[in-house]
Amino acid sequence: MRTAFITGITGQDGAYLAELLLSKGYRVIGMRPQRSTANLWRLNELNLTEQVELVEGDVTDLSSLVKLLDTYKPDEIYNLAAQSFVGTSWNQPILTCQITGIGALNLLEAVRMVHPESKYYQASSSEMFGKIQQPQQTEDTPFYPRSPYGVAKLFSHWMTVNYRESHGLFACSGILFNHESPLRGLQFVTRKVTDAVARIYYGLTDKVQLGNLDAQRDWGFARDYVEAMWLMLQQEQPDDYVIATGTTTSIRTLCELAFNHVNLDWTRYVEVDPKLYRPAEVEVLLGDPSKASRQLGWTPRTSVEQLISMMVESDLQRVRSEMKHVEGRSFL
């Protein structure tokens with residue numbers, strides 16, 4: 001039985017990755033910091049809470065990482081821990097860099113010191129491309145991050161390359177473009193929209209406020225993307241890969257797709273709030289997954305239309321359950 005160690009296991013990607021690895025017979029060790037307010041709802045949603053082994057540790061604390069790697073000696077390490085919301089990174093740039101950037105360096109250093117035989121995966125991000133230098137981004141496109149989050153991710157990305165080249169670690173970076181699911185947090189625009197659609201449909205609210213409707217992203221399904229993470233660590237040689245769909249969709253079109261699912265006209269319910277524009281906007285991101293297709297045999301299976309429909313249906317069900325729960329309560 002192979003052992004996998006996942007940081008950020010309570011997040012969207014961590015839960016789907018744990019599901020995948022368990023299905024392949026892995027022992028899954030999931031690390032979460034004691035300071036974390038994250039609950040286990042995603043693991044509970046996938047019925048995984050009793051199947052994974054949750055341990056306390058923190059990517060900002062090298063000593064805890066050294067102890068855990070020495071204890072469990074994992075075959076594969078997946079670093080998914082991050083302050084992952086781009087908008088928050090302007091308000092908390094130092095915290096973002098400590099967790100997302102230095103946290104990755106701490107984990108790489110722990111691997112080097114304690115268990116260099118492990119295969120290491122770093123969750124890099126399309127936000128590293130930022131102010132795009134090419135219309136479609138590949139592994140060779142120059143980076144130009146436009147947020148503290150993007151800068152922190154770029155630091156962790158290059159540290160992964162450096163430890164691979166300097167210390168001979170089997171260390172890979174997956175440059176993942178936006179990937180969503182019903183397990184996405186409500187602060188992310190896709191889930192913000194689909195949750196609003198459900199609440200508007202059931203008459204619980206009548207508006208949703210968004211920022212730049214013309215921003216375009218390459219959106220895929222998170223469950224498809226974690227398979228690419230695993231495939232990277234099954235190769236003979238470590239490398240970096242862009243993981244994307246190769247298609248781009250505007251937030252405006254996202255709204256149209258989501259509201260059309262319940263036969264509503266999105267223009268009646270969406271309001272633009274200038275305060276929600278980012279200080280430095282990333283207008284378009286579009287990935288080229290050709291290398292991943294060619295070398296990993298990976299291709300996305302879920303279209304953006306299927307993804308948004310899935311998310312709206314999930315939020316309709318979730319809101320309906322919330323309403324039944326409230327209706328069933330007795331008040332004195």
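Observations
- Distances between placed amide hydrogens fall under 5 Å for LYS119 paired with GLU76, ILE77, all partners being 5 or more residues away or on another chain.
- Note on VAL326 and ARG2: the extension gain reaches 112.2 nm, defined as 0.36 nm multiplied by sequence separation minus the Cα-Cα distance.
- CD proxy at 222 nm, helix term only [per DSSP H run n ≥ 4: -39500 (n - 2.57); per residue of the chain; nearest 500]: -12000 deg cm²/dmol
- Value of relative contact order over the chain, rounded to a whole percent, pairs C-alpha under 8 Å and six or more apart: 16
- Global form of segment 238-293, assessed from the alpha-carbon gyration tensor, a/c cut-off 1.5: oblate
- Taking a sphere under 15 Å around the Cβ of ALA152 and counting the other residues whose Cβ falls inside, with K and R at +1 and D and E at -1, yields a net charge of +1.
- Summarising the amide proton neighbourhood of GLN137: residues at separation of 5 or more, or on other chains, whose placed amide H is nearer than 5 Å comprise LEU286, GLY287, ASP288.
- Taking a quarter of the surface of the Cα convex hull of the chain gives a mean projected area of 17.7 nm².
- If only the Cβ of Lys and Arg carry +1 and only the Cβ of Asp and Glu carry -1, the dipole of the chain around its Cα centre is close to 460 debye.
- Entry for segment 182-226 at q = 0.23, 0.33 Å⁻¹: log10 I(q)/I(0) = -0.92, -1.21, Debye formula applied to identical alpha-carbon scatterers, no solvent contribution.
- Under-5 Å amide H pairs with SER125, H placed in peptide plane, nonlocal only: LEU176
- Summarising the label geometry, the points placed 7 Å from Cα in the beta-carbon direction at ASP61 and SER250 lie 4.8 nm from one another.
- Restraint check, LYS192/LYS291; LYS24/LYS119; LYS119/LYS153; LYS24/LYS73; LYS73/LYS291; LYS153/LYS207, Cα-Cα greater than 26 Å: LYS192/LYS291; LYS73/LYS291; LYS153/LYS207
- Of all aspartates and glutamates in the structure, the ones whose alpha carbon falls short of 16 Å from that of LYS324, not counting any fewer than 8 places away in one chain, are ASP315.
- In order along segment 176-192, phi translates into HN-Hα couplings of 7, 7, 3, 9, 10, 4, x, 8, 5, x, 5, 7, 7, 4, 4, 6, 4 Hz, rounded to whole numbers, per the Karplus curve 6.51 cos²θ - 1.76 cosθ + 1.60 with θ = phi - 60° and x for Gly and Pro.
- Whether segment 35-102 is rounded, prolate or oblate, judged on the alpha carbon gyration tensor where a/c under 1.5 counts as rounded: oblate
None of the figures in this text is laboratory data; all of them are computed from the coordinates on show. Keep in mind that what you see is a predicted model, and the values were worked out from it rather than measured. In this analysis, Cβ positions are derived from the backbone assuming ideal geometry, glycine residues included, and neighbour counts consider all displayed protein chains.
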